[in-house]
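Presented below is the structure to which this report refers.
The values are calculated or read from the model by the stated rules, or taken from the named source; none is laboratory data. The structure displayed is predicted, hence computed values, not measured ones. Cβ: placed from backbone, ideal geometry, glycine included. Neighbour counts: every protein chain shown. To get the accessible areas, we keep the full protein, side chains included, count just its heavy atoms, and leave off ligands, DNA and RNA. Shrake-Rupley method; radii C 1.70, N 1.55, O 1.52, S 1.80 Å.
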Amino acid sequence: METHQLFKKNETYNGLYAMLLVNRLQMLYFFLIMPSILINPYMIWVLIAVGILSQLNLLLLSKWLLTRLSSNGYNGFVQLFGEKLVRFLSFIGLFFILLKLSVITLGFSEIIQTFMFPSTDTNFLVFFIFLFCCYVASKGVEHTIRFVLISFFCTFWMITFFVFFFFPPIAQLSDLYPLIPMDWKVENWKAFFLILSSYSGPEFLVFLGPWLKTNNKTFRYLSYGNALTVVEYVFLFIASLLYFGSNYLSKSKYPIINMARYFQNPVFERIDMVMLSFELFNLVFAVSLFLLLFYGASKIAFGKMSKPSSGKGLLFSVFLIFIGMVLVNELFWKSWEKQNFLLNLQIIAGSISYFLVPLIIVLVMKKKGVKKHAST
Amino acid sequence: MEKKQIESKLVTQSIAESELSIEALKKILVQMDDAEFVEIDISDIRKIHLVYIRTLIDQEKLNESIIKPLTSCSKPSIQDCIVNSSIIPIPTFIEAKKQLFSGSILLFDSSQNLWLAVPLKNPIGRAIESSETETILFGAKDSFSEQVEQNITLIRRRLPIHELKAEKFTVGSLSETSVVLMYIEGLTNPDFVSTVKEKISEINFDLFFDSSQVAAFLEEHQNSIFPQFQQTDRPDVVTYSLELGKITLLVDNTPFALVAPITFFHLFQSPEDYINRWVVASFLRIIRYVSFILSVTLIPFYVALTTHHYQMIPIQTLLVLVDSRSKLPFTPFWEAFIMLIFIEIIKEASLRMPTKTGQTLGVIGGIVIGQAAVEAGFASNVLIVMVGISTIASFLIPNYLMTKANSLIQLMLLIFSSLLGIIGIALGIIAILAHLNSLSSIKQPYFSPVSPFFRKDWIDLFIRGPLVKMMERPEHLKPLKLKRYKTRR
Amino acid sequence: MRLHKKIFKRLILLFMTFWLSGCAHFTKNNLIEEISPITFLSISKGDKGKLKISTILPPLSKEKKIVMSQEVSLLKEGVQKYNLNFYQEIKSGQMRMLVISEELGKDGIMSIINVLLTDPDISLRIYLVIVKGNFEEYLESQLDKDENFDYSFYRMLKHYEEKNQGELTVVNLHEFKNLLYTPYSDPFLPVFKIQEDGVSYEGTALFQDDKLVETISSLDDRIFQLINNDHYLEVLPIPKFEVVLGHVRSKIIVDIDSSYSTMTYTVNIDTRIEEYRGEKQLFDPKELENMKKNIETHLEKQTHELVKKMQELKVDPLQLGVQTKRPFSKPMEEKKWIEMFEKMDIKIKYIINIDSLTDANSKRQNL
């Protein structure tokens, strides 16, 4: 058997991959529940505004990606922060990854449980999803990054189904009124942070520097990915407004899936189940990427960088995450209020990480005077 | 080549040291009925010894071009006498042995103490016939045969350029099979050539009787069910592949050439694609992909829907399904599993039988047993229909090795679908795609041009674009010359 | 040795998958031959505030069928009671219709709708139907005659829903729910009447919130189809003028003045005369014009009465309130709208465009 090198680097991937990575990491779980928290039609503008904000973040991100340090991976970070700080930061990062992993995996398993297997324990579903993620992740970072293409091609087309809601008799322009906010409630702040948090995800690209081929077009590609997400969010939100009307929207827990349940197809009566299954592609891709990041981060945090990466190590960390996730599931997710707490925690954590990671890196870069270098 | 010699030296160490002489040859050819030692007296003092293996040489030609000229010749040198055959002087015993077993006649002129070899290979072999594994209606009908030289001829006729290189290697310590590596210099990426050369030099095995065995030693992923070398016996396919920038391996004694690097999508391309009009060809190619997906997922879907997701079945279909399933003893999974295994048995049996019996078998297996299974209440007629569709659909894939892999994928998805319904199928497909994504064929990604993404190559991927639009070679094959046309000055 | 171990491990894995697929206990058993996916439920009022739920069992198979009825206080309790009384498990994932009795409708059906909405198995496309008369008895009587009565009934509803056939009101759960939950609108449902020989379409039931308040039928219902539901009618017979209009298409323009006191409701109609048994020479353009005027005033009057009725009942199935929504102002309260709606002066205007009978005919008149 060939020895597994999970973090080996043979190829670098161009802007297209960066674009798809940004897009697919932003379309994970929150977009499925987003409309029921946004509710009001004027949130369309907030969606777009935060999208632009996220663009600024990507600008900072691309600055980091353009440096030589980023393509050095771990050593680059050590040069920037010093080894101890890097170890400390990656230790903190473990919790962020774990939180994000828990929310997206448990959230999705719960959806599957609700709509497809009502009597199945979500832990089983998490187990199965992890089993396959582990397989994907065991192919190494390189192949996992490449898997984004497959995940994109298998999931993106689904959104075109929702065009159906833009035609009468469902579509009524009046459902989108009023277009400007008349009063700003406290809940709207939650919605704002939810949006911010759902745009988060691309900050993990910081750690994928070695595999990304960067040039002066990188920012453009990152923006394309972000813009695609904005379009998708706005499109889905408008569709859900047209379908539910803003009054009923808050009562539906999974608006997007409920909309999908309304589709009719002569071959499959309930096309939403097929769509949910295809959505798994995206989930599996993201989870496997995060698993690899988790494994890498834990290696850094516990100072095992000199040891070669192995399948066993990955398996062990996946096992740890699985145990952690089962605990989170039992302790938090299954009761509604605590689940809400966890969601809020992820909303805040996502927002913070998306905001601070690129900002801090760029600030430290400025301080240390790291020069940009444009690799071709 | 040096390495090869060292190897063969190791094997025949004891004999290698002996000097080249008639006695030494007699020693190794003992108890060989077809080994012949002949002496020809030219003059009183001059005797010429002929050593050959009867079954390997052309005996008629032996008389024509060696014995007759030698007996009637008065010139002192043998080389001057034999004019219509090539003559190779042999310096060592090993070389003599090699020549002897490749169908040459050894000549020993005792007066000059000179050893010579005259190749006179027995031409027994198949004539050029039309391909039976990759039949097409229109297009060239010739196919490769077992003789490698003849196969090279077929390719050379199609590519009469000096850039077409053919390097010969010998593999197999017992079979001494010659493998010819063909590529177009200045077009094919030299990385491919060096990779293959390196791998061939590493082969350490005794016997090769088919090219797939050679492929097994060249592949990077032994445990995959997907073939990483395309096997074809059509010279036009090989030529087209060479033109795209791939390499080809011709193996002696088998009509199947190996083409690499290939991608998953090459398995769905048929030579006829480039003969049909592009719209039709595109349509047919899409049908092939669809039928592959259908053949792999149809029965798993049936199992998933009937065991887990009854909500998804349209009510009209449900009426039929409930009716046909109501009296069956097995759950859908076991029903489907048994039927699939059964179909595999029929498929395998009809292959092993002579052609005419095979047809009867198909009829009996397909119709009689299928119908009887329904009537006896072993399987539902809906399932029989689906098994039929998916089996026929699986035959649409032009690559035969892939057709075989198909049933395995189907079985795997079947198990997942019975476990987790559609989610199981989706997870199974994810696993397959992740596997394909990580595969490589002579170190080139197996799932390109989808992943990694090459936009321009999509013109000849799911569709077959018009030829006049395909002015560039596929990028994912990294050819040295991307453009297919001559640049005008 | 290592290879052997690996193969051994794999074999165990393979065996495990087989074993799991044989008796995977972590998913629900939904084998189609072991369940009874009911296609419809009929709900009516039982004794002492209970619900009477009935359906045909077994659904979808050719076995001998029976009508099962249960008196329960909760809807899902009924489904559970069926399970105790029948050899197959009842599943609701294939439910296509919910038949609600008129009396129950008058009491309010909010709780039933909510049950349907919370069950993720139940499609949002199931049809809601109001029935006048005793549906259970009718089912009993149909068992022998019609094998798949439920299925044919479902096909009928589906047919009229799908391509805007313009005959009946067909409302599915999603549409009903949306009308129920959005302000300024009230839901409506089709009404079927049980007669001795069959089920016949009666008209449209108007709801105030979740309570049935009025059933409109015959011409009123036709007008309702025309101006709200389908905007298309296959035929519109007007016996008063001995004329039948065919392929009637309508376009509605609603104008509301800024003080929300008057509303002009303009109905543009494109149609052609399908049948005429009167005395008038309709080939003459003038006569046709007269006819048009007559029909216009007739329809205006009828529609006005219909809208008046709605105003009196404070129901707004036409969603007129939506017209008050503006992109840049705060939407008004629902109560305020209802008050306004009651008092609002609604002017109905019909503009009918009848395709002139062919040129050839009109020319012949001139000759």
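The rows are residues; the columns are (1) buried (at least 21 other Cβ atoms within 10 Å of the Cβ); (2) assigned to a helix (DSSP H, G or I); (3) of a type in the set (A, V, I, L, M); (4) assigned by TED's automatic domain parsing to the domain that holds C:Glu140.
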residue: C:Glu71; (1), (2), (3), (4): no, no, no, yes
residue: C:Gln80; (1), (2), (3), (4): no, yes, no, yes
residue: C:Asn83; (1), (2), (3), (4): no, yes, no, yes
residue: C:Tyr87; (1), (2), (3), (4): no, no, no, yes
residue: C:Gly93; (1), (2), (3), (4): no, no, no, yes
residue: C:Leu98; (1), (2), (3), (4): yes, no, yes, yes
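Residues are listed down the side, and each one gets a yes or a no for (1) closer than 30 Å to A:Phe165 by Cβ; (2) at pLDDT below 90:
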position	(1), (2)
A:Gln264	yes, yes
A:Arg270	yes, yes
A:Ala286	yes, no
A:Phe294	no, no
A:Trp336	yes, yes
A:Gln339	yes, yes
A:Leu342	no, yes
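For segment B:460-489, filtered to residues that are surrounded by fewer than 21 Cβ atoms within 10 Å (Cβ to Cβ), over 24 Å from B:Tyr183 (Cα atoms) and away from chain A (no Cβ under 14 Å), the residue that is modelled with the lowest pLDDT is B:Arg489.
Is it the case that B:Ala336 is at pLDDT below 85, within 14 Å of another protein chain (Cβ to nearest Cβ) and closer than 23 Å to B:Ile415 by Cα? Considered against the rule, which asks whether it is at pLDDT below 85, within 14 Å of another protein chain (Cβ to nearest Cβ) and closer than 23 Å to B:Ile415 by Cα, B:Ala336 comes out as no.
Which residues, taken from segment B:449-458, are out of contact with any Ser or Thr (no Cβ under 7 Å at 6 or more places or on another chain) and either open to solvent by less than 10 Å² (accessible area, probe 1.4 Å) or of a type outside the set (Lys, Arg) (or both)?
Selection gives B:Pro449, B:Val450, B:Ser451, B:Pro452, B:Phe453, B:Asp457, B:Trp458.
The single residue among A:Ser90, A:Ser54, A:Ser70 that is over 15 Å from the mean Cα position of the chain (by Cα), among the hydroxyl-bearing types (Ser, Thr, Tyr) and more than 30 Å from A:Leu131 (Cβ to Cβ) turns out to be A:Ser70. Any chance segment C:236-243 includes a residue that's aromatic (Phe, Trp, Tyr), in contact with a Ser or Thr (Cβ under 9 Å, 6 or more places away or on another chain), at pLDDT 80 or above and open to solvent by less than 50 Å² (accessible area, probe 1.4 Å)? No, every residue in segment C:236-243 fails to be aromatic (Phe, Trp, Tyr), in contact with a Ser or Thr (Cβ under 9 Å, 6 or more places away or on another chain), at pLDDT 80 or above and open to solvent by less than 50 Å² (accessible area, probe 1.4 Å). In segment C:119-137, is there at least one residue being among the β-branched types (Val, Ile, Thr) and surrounded by fewer than 17 Cβ atoms within 10 Å (Cβ to Cβ)? No, that holds for no residue.
For segment B:432-448, the criterion of being in contact with a Cys (Cβ under 9 Å, 6 or more places away or on another chain) and either open to solvent by 20 Å² or more (accessible area, probe 1.4 Å) or at the interface with another protein chain (Cβ under 10 Å from one of its Cβ atoms) (or both) is met by at least one residue. Candidates in segment C:31-67 are the residues that are assigned to a strand (DSSP E or B) and within 14 Å of another protein chain (Cβ to nearest Cβ); of these, the one that is farthest from C:Tyr138 (Cα to Cα) is C:Ile35.
Rundown of residues vs (1) more than 25 Å from B:Ala426 (Cβ to Cβ); (2) of a type in the set (D, E, K, R), yes/no style:
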site: A:Phe285; (1), (2): no, no
site: A:Gly296; (1), (2): yes, no
site: A:Lys338; (1), (2): yes, yes
site: A:Phe341; (1), (2): yes, no
site: A:Ile347; (1), (2): yes, no
site: A:Ser351; (1), (2): yes, no
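The selection criterion, being under 19 Å from the mean Cα position of the chain (by Cα), outside any loop (DSSP other than H, G, I, E, B) and under 24 Å from B:Ser270 (Cβ atoms), does not hold for B:Ile136.
Quick check on segment C:121-133. Is at least one of its residues within 21 Å of A:Ile170 (Cα to Cα), assigned by TED's automatic domain parsing to the domain that holds C:Ser42 and either without any contact (Cβ under 8 Å) to a residue 24 or more places away in the chain or basic (Lys, Arg) (or both)? Yes; the residues of segment C:121-133 include at least one that is within 21 Å of A:Ile170 (Cα to Cα), assigned by TED's automatic domain parsing to the domain that holds C:Ser42 and either without any contact (Cβ under 8 Å) to a residue 24 or more places away in the chain or basic (Lys, Arg) (or both).
Only one entry in A:Val163, A:Val78 is open to solvent by less than 50 Å² (accessible area, probe 1.4 Å), away from chain B (no Cβ under 14 Å) and over 19 Å from the mean Cα position of the chain (by Cα), namely A:Val78. For A:Phe124, indicate whether it is more than 10 Å from chain C (Cβ to nearest Cβ) and open to solvent by 10 Å² or more (accessible area, probe 1.4 Å). Considered against the rule, which asks whether it is more than 10 Å from chain C (Cβ to nearest Cβ) and open to solvent by 10 Å² or more (accessible area, probe 1.4 Å), A:Phe124 comes out as no. When the residues of segment B:311-333 are narrowed to those that are at the interface with chain C (Cβ under 9 Å from one of its Cβ atoms) and in a loop (DSSP other than H, G, I, E, B), which ends up farthest from B:Ile369 (Cα to Cα)? Ranking the candidates gives B:Ile313 first. Within segment A:257-310, take every residue that is assigned to a helix (DSSP H, G or I) and among the basic types (Lys, Arg) and give me the one that is nearest to the other protein chains (Cβ to nearest Cβ). If we take residues in segment A:257-310 being assigned to a helix (DSSP H, G or I) and among the basic types (Lys, Arg), then A:Arg261 is nearest to the other protein chains (Cβ to nearest Cβ).
Of all residues in segment B:337-347, exactly one satisfies the criterion of being open to solvent by 70 Å² or more (accessible area, probe 1.4 Å) and either under 26 Å from the mean Cα position of the chain (by Cα) or on the phi > 0 side of the Ramachandran plot (or both), namely B:Ile345.
Residues in segment A:224-252 that are among the small types (Gly, Ala, Ser) and surrounded by fewer than 20 Cβ atoms within 10 Å (Cβ to Cβ) were compared, and the one that is nearest to the other protein chains (Cβ to nearest Cβ) is A:Ser252. For first residues located in segment B:271-292 and among the β-branched types (Val, Ile, Thr), partners that are open to solvent by 70 Å² or more (accessible area, probe 1.4 Å) and modelled with pLDDT under 90 and lie 6+ apart or on another chain with Cβ distances below 6 Å form the pairs B:Ile275/B:Phe138.
Checking the conditions here, which among B:Ile397, B:Ile422, B:Ile415 is open to solvent by less than 20 Å² (accessible area, probe 1.4 Å) and under 27 Å from the mean Cα position of the chain (by Cα)?
B:Ile397
For A:Ile347, the conditions (1) touching a residue at least 12 places away in the same chain (Cβ under 8 Å); (2) not in a helix (DSSP H, G or I) all hold with the exception of (2). Of the residues examined, B:Thr403 is one that is in contact with a Ser or Thr (Cβ under 9 Å, 6 or more places away or on another chain), free of Cβ contacts under 8 Å to residues at least 40 places away in the same chain and closer than 14 Å to B:Ser291 by Cβ. Just for strands (runs of 3 or more DSSP E) wholly inside segment B:141-258: which have at least 1 residues that are open to solvent by less than 10 Å² (accessible area, probe 1.4 Å), among the hydroxyl-bearing types (Ser, Thr, Tyr) and farther than 24 Å from B:Ser270 by Cα? Strands (runs of 3 or more DSSP E) meeting the threshold: B:177-184. For segment B:205-217, a residue qualifies if it is touching a residue at least 12 places away in the same chain (Cβ under 8 Å), over 19 Å from B:Leu436 (Cβ atoms) and not β-branched (Val, Ile, Thr), and the qualifying residues are B:Phe205, B:Asp206, B:Leu207, B:Phe208, B:Phe209, B:Asp210, B:Ser211, B:Ser212, B:Phe217.
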